[in-house]
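Before any comments, here is the structure.
Read-outs throughout are calculated quantities, based only on the coordinates presented, and are distinct from any laboratory measurement. What you see is a predicted model, and the numbers here were worked out from it, not measured in a lab. All Cβ positions, glycine included, derive from the backbone under ideal geometry; neighbour counts span all protein chains shown.
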Amino acid sequence: MKFRKARIEKFEGSTVYKIPDEIARELGHVIARWANLERHLKLVIYNLVGIDDVIGRVVIGKARAHEQIGRVEDVLTALRLTVKSPLKEIKKSLAEIESSRNALAHGQWLITPGSDQLFLLDLSDNWPLGEGIPRHTKRMFPDTKPVGQGDLIKLVNDMDVEIERLDKLNEEVRALRRSLHAKSPEQAP
C-alpha cells in the first residue's frame, strides 16, 4: 500500500469512527498477521545469537522490523557468516509493509461527502524533497490514500510471502548455528 506522492493542500472529508465490517475484518487480519511476522523475525535473531525467548524479548525489545533485519546482517558480518536469503530485499519489503501496517493501525480513517470510499490520513514522516519544493512535515500537509478491502488482503498476502522468506532464513540460521557448535572454540570465526 503506497501513499500518493503529491502534496495534499486540502482534503474534504470527515473522520469515520465506525468502518465497514469487511474492512474491520481485514484490518484485524493485517494486525494479527503482522504480530505473526514479528514473531518469525524474532526467532531468526534468537536462533542466530543462540538465546531463548525470554532473554530475546529483553534484548531485542520493540525494534522496527527492518532494523531487526539490519541486526541479523550485523551479527552475520561479525561472525563472518553468509546466508543465501536475500536480506536486502527482505529488509526493503519489511520496511514497506511495516509502514503500511503502521499507517493502518495509527492513521485516521476518513470518508468524502457523498461517497463510501474510505481514505486513510497519514500524518507521519515528511514529504520527500522535490525539485524546488522545501521539505514539509505531513502534519502540515497530510497525505491521503483510498483504502479498500483488496488493499488489506494484498498486504496480508505480502506479509505471508515475507513470513515464508523469514522461515527459510531461520532454517539457514539454525544450520549455521549447528555448524558453529560442531567446531571447537578455536575454529569458530
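For the pair region 29-56 / region 88-109, the C-alpha centres are spaced 17 Å from each other. Each residue, residue 67 and residue 92, gets one label point 7 Å from its Cα in the Cβ direction; the gap between the two is 2.2 nm. Taking max minus min of the alpha-carbon positions on each principal axis, region 14-175 gives extents of 58, 43, 28 Å, largest first. Residue 58 sits among other residues whose Cβ lies under 15 Å from its own Cβ, and their net charge, with Lys and Arg +1 and Asp and Glu -1, is +2. Phi angles of region 39-55 translate, via the Karplus equation with coefficients 6.51, -1.76, 1.60 and θ = phi - 60°, into HN-Hα couplings of 4, 4, 5, 5, 4, 4, 5, 4, 5, 5, 9, x, 10, 8, 4, 5, 5 Hz per residue; Gly and Pro are given as x.
Only Lys, Arg, Asp and Glu count, each charged at its Cβ (+1, +1, -1, -1), so figure out the dipole size of region 14-175 about its Cα centre, rounded to 20 debye. Could you put the intermediate results ahead of the total?
Numbers: 23 positive and 25 negative charges, 87 e Å.
So the dipole magnitude of region 14-175 works out to roughly 420 debye.
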